[in-house]
Every structure is written in structure tokens, then in C-alpha cells.
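K.L.:
Please see the structure below; I have some questions.
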Amino acid sequence: MSKRQLAMVMDLNKCIGCQTCTVACKTQWTNRNGREYMYWNNVETYPGTGYPKNWMELGGGFDAAGDLQAGVVPNIEADYGVPWDYNHDELQFGEQLKPNVDPTWGPNWDEDEGTGNFPSDNYFFYIPRICNHCTNPGCLSACPRDAIFKRDQDGVVLVDLDRCQGYRYCIAGCPYKKIYFNPKISKSEKCILCFPRVEKGLPPACAQQCVGRIRFVGFLDDEEGQVYKLVHKYKVALPLRSDYGTQPNVYYVPPTEAPPKFDAEGRVIEGSNRVPIEELEKLFGKEVHQAMKTLREEKEKRKKTGESELMDILIAYQHSEMFRLDQDYYQSIAKKQGLSLAPIDNRYMQGKNTENKYKFKVVEYE
Ligand code: SF4
Ligand code: SF4
């Protein structure tokens with residue numbers, strides 16, 4: 001276990017599925033060098049097949065006794081989907097826009113389909129997903145090479161590319177399937193929580209660019225921070241599939257704002273909710289009942305009294321206030337290690353197989 005833990009909270013009531021986060025991550029990290037098919041951040045429609053296809057049924061994680069469970073390594077073409085291009089060059093000659101291959105599968109293949117019957121009870125919502133930087137990572141436990149490590153200073157989970165031999169046990173061991181095989185270098189790679197940005201006091205690119213302002217980032221032990229308050233004080237932010245036993249550090253505020261159902265005549269069924277509570281329980285555990293109750297009570301309180309710290313946090317008036325990062329903290333660690341500047345993760349940075357020592361050119365968004 002690390003000394004401190006950085007965490008992210010995502011408010012699912014505010015995600016509009018715009019994929020800006022996905023693009024921010026892709027352009028920063030995965031649009032090149034064998035990572036093209038990877039989405040370290042993806043936003044999937046629930047209910048749906050997810051990314052990779054049916055990831056919740058692919059094993060990994062731990063059982064109740066703490067034993068690592070067998071898991072499957074998804075197939076790149078069939079389960080993730082190989083990226084394709086379009087015939088842009090031919091458009092000026094009167095051709096119609098079409099893919100340059102015949103695609104059979106890809107991320108968000110079933111985007112916005114959801115389930116139920118329109119217009120009476122159909123529904124879906126979005127779940128953005130990144131690596132959970134778990135406290136008990138299945139990927140790390142599964143690796144026979146001791147190539148995956150968790151940083152003491154913030155709990156970020158990284159792959160030591162020198163030690164990784166591309167066995168892919170980590171992919172089987174991660175129940176979220178958030179670690180990927182890079183066929184070009186024959187190594188596993190994953191979300192690094194934008195640690196070179198974080199060490200400069202900047203949030204990860206996905207959070208910085210989030211149009212819906214759904215993402216809070218901060219340390220779990222920072223009692224004044226929104227992350228602490230949402231997770232520990234109000235207990236409205238819950239981990240996804242905590243039954244997998246990896247103790248994830250990405251938390252979700254469940255969707256409470258679904259519209260009611262309609263009857264056969266198109267009238268509103270008072271008190272109904274399109275999102276079945278059983279589905280939310282499957283995703284977020286039994287704690288979701290109390291979380292939903294607290295969210296609704298606080299919303300009512302805010303309406304009646306104008307006061308609610310919880311609602312003020314969730315509204316997120318100032319985007320910059322959603323991030324409680326601490327450059328000085330990282331600089332003090334760098335200093336102790338005799339380094340003048342962050343990034344301070346030597347083990348990750350100095351891998352012979354990384355592209356070069358200065359691969360992390362931090363993009364500072366306005
Ligand atoms: S989500 Fe998966 S890849 Fe990320 S730390 Fe947890 S087990 Fe490892
Ligand atoms: S940028 Fe924000 S609102 Fe848009 S899909 Fe990503 S998490 Fe959702």
C-alpha cells in the first residue's frame with residue numbers, strides 16, 4: 001500500500017458522453033507507437049457491451065478469500081477493435097465518406113443504444129473509465145516479473161517497461177481490463193494518471209478537458225478536498241465493481257437524475273425511475289441505496305434552504321476548484337531524491353524501452 005493515494009471522483013449525473021476526455025487522453029498518450037487501439041480513457045454506454053467487449057465477464061481480480069482469479073486476455077481485433085481510417089482523399093472526386101476497411105467491431109459500437117422500450121422505459125447512462133490505480137491491483141499481483149509498481153507518494157500504478165516481458169498476465173489479472181498489450185514493443189502499457197502533469201500541480205488531461213465538469217481529482221487523505229468529502233464525508237461517491245477486490249481509487253456518484261417512466265397512454269408514472277436500482281447495485285454495491293438517499297435529501301435541502309455543501313461541491317462553480325493537487329509536495333520529494341525537477345519517477349522514466357528520457361512533454365491546457 002502506498003503512503004498517500006490520489007483519487008478521482010466522477011459524477012455520472014453530469015457526463016454527456018461527449019468523449020472530449022477520450023480525445024484528450026488519446027492525443028496526449030495513445031495515438032502512436034503501437035498504442036493506437038488502446039483507450040486509457042474510454043466512455044461507454046451502460047447497459048452495453050463496454051470496452052473491451054463484455055469486460056465485466058472476462059475475469060481477474062480477487063475472490064472473497066483474497067485469491068487472484070483467472071482471467072482472459074481480450075483479442076485486439078475482436079474485443080477492442082482495430083482503428084480504421086476514412087477515404088478523405090477521395091471526397092473531392094465525388095466519393096462518399098466511408099471507412100477504408102470493413103469494420104467489424106470498435107469501441108462504442110453500441111453507443112447510446114441502451115435498453116428498454118422507447119418512449120416508455122428506455123434508458124442508458126455513460127460510464128467514463130480509466131485505470132483505477134487500485135490499492136490492491138490485480139495487474140500487479142498477476143505479474144511474475146515484478147514489473148508493475150505502485151508509487152509511494154500518490155499510489156499511481158505504473159509499468160516498469162524494462163522489467164516487463166510482455167507475458168500479459170497483468171491483462172488477465174485486471175478485472176477492469178485497463179492495462180493493454182503494445183504489440184509494437186511487446187510490453188504492457190496503461191494509464192499513468194498523467195503523473196508528469198500531476199507533479200506540476202495540473203490535473204490529468206481527461207479531467208482538465210472534461211466538458212461536463214464531472215471529474216474531481218485530489219488526495220484521499222486531504223480532509224478539506226472535494227474528493228475526501230464526496231467519498232468519506234458524504235459517502236456519495238462509490239467504487240465501480242468493488243466486488244472484484246482490487247480496492248479501486250476511482251469513484252462514481254451514481255445517476256439519480258433519470259426521468260420517470262411513461263405508461264401506455266404516455267402519462268408520467270409518478271415516483272418511477274428508469275434506471276433499475278438492481279443495475280446500480282450491481283455496479284456500485286449495496287452502498288448505492290444510502291448514496292442515492294443522501295443525494296436526494298441534500299438536493300431537497302438545497303431547494304428549501306438554499307444551503308448544501310454537497311450540492312455546492314457537485315455543481316462545481318469553478319472548474320479549477322475541482323482539482324486539489326500539490327506541486328510543492330512533489331517538489332519536496334524530488335528534492336529529497338536529489339532531483340531539481342519533477343517528474344520524479346525514475347523507475348518509469350529511465351526504462352531503456354521508453355521512447356526517450358524526455359518523452360513526457362507536458363501539454364498545459366488553458
Ligand atoms: S484498474 Fe486494472 S490496471 Fe488499473 S491498477 Fe487496477 S488492476 Fe491494475
Ligand atoms: S469529457 Fe466529461 S462529460 Fe464529456 S464524456 Fe468525458 S467525462 Fe463525460
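The values are calculated or read from the model by the stated rules, or taken from the named source; none is laboratory data. Note that this is a predicted model, so its numbers are computed, not measured. Using ideal geometry, Cβ is built from the backbone for each residue, glycine included, and neighbour counts are taken over all protein chains shown. The accessibility values were calculated without ligands, DNA or RNA, using every heavy atom of the protein model including side chains. Shrake-Rupley method; radii C 1.70, N 1.55, O 1.52, S 1.80 Å.
K.L.:
Could you tell me which of the pairs K233/K282; K26/K184; K53/K98 are separated by over 26 angstrom between their Cα atoms in the structure shown?
P.N.:
none
K.L.:
Report in % the part of the accessible area of the chain that belongs to carbon and sulfur, leaving out ligands and nucleic acids; probe 1.4 Å. Could you put the intermediate results ahead of the total?
P.N.:
Details: 8760 of 17730 Å².
Result for the chain: 49 percent of the exposed heavy-atom area is carbon or sulfur.
K.L.:
Can you tell which of D243, D89, D326 shows the greatest fluctuation in a Gaussian network model of the chain with Cα springs below 10 Å?
P.N.:
Evaluated over the chain, the most mobile residue of the options is D89.
K.L.:
Using a 1.4 Å probe on the protein heavy atoms only, what accessible surface does C143 show? Give it in Å² to the nearest 10.
P.N.:
Surface open to solvent at C143 totals about 30 Å².
K.L.:
If you don't mind, another one. Work through the residues other than H88 whose Cβ is under 15 Å from its Cβ and net out their charges, Lys, Arg +1 and Asp, Glu -1.
P.N.:
Neighbourhood net charge equals -3.
K.L.:
Taking N as the number of residues in the chain, what value does Rg over Cα atoms divided by 2.2 N^0.38 Å take?
P.N.:
The value comes to 1.02.
K.L.:
If you filter the stretch 1-54 for trypsin sites (Lys or Arg not before Pro), then keep DSSP loop positions with at most 13 other Cβ within 10 Å, what is left?
P.N.:
The qualifying sites are K3, R32.
K.L.:
What residues qualify as long-range amide H neighbours of N182, i.e. H under 5 Å apart, gap of 5 or more or another chain, H built at 1.01 Å from N?
P.N.:
Those qualifying (amide H under 5 Å, at least 5 residues apart or on another chain) are K187, S188, E189.
K.L.:
Would you grab the residues whose amide H sits under 5 Å from the one on V253? Only those 5+ places off in sequence or on another chain, please, with H modelled 1.01 Å from N.
P.N.:
M10, D11, L12, L238
K.L.:
Checking the table K229/K301; K235/K301; K178/K299; K14/K200 against a 23 Å threshold on Cα-Cα, which pairs fail?
P.N.:
K178/K299; K14/K200
K.L.:
Additional query: Below 8 Å, C-alpha to C-alpha, sequence gap of six or more: please give me the relative contact order for the stretch 1-91 in percent.
P.N.:
20 percent
K.L.:
Springs between alpha-carbon atoms under 10 Å, Gaussian network over the chain: tell me which of H88, H289, H232 tops the mean-square fluctuations.
P.N.:
H88
K.L.:
Follow-up. Do any GluC sites (Glu not before Pro) in the stretch 302-339 lie in a loop, going by DSSP, with at most 11 other beta-carbon atoms within 10 Å of their beta carbon, and if so which?
P.N.:
Answer by residue number: E307.
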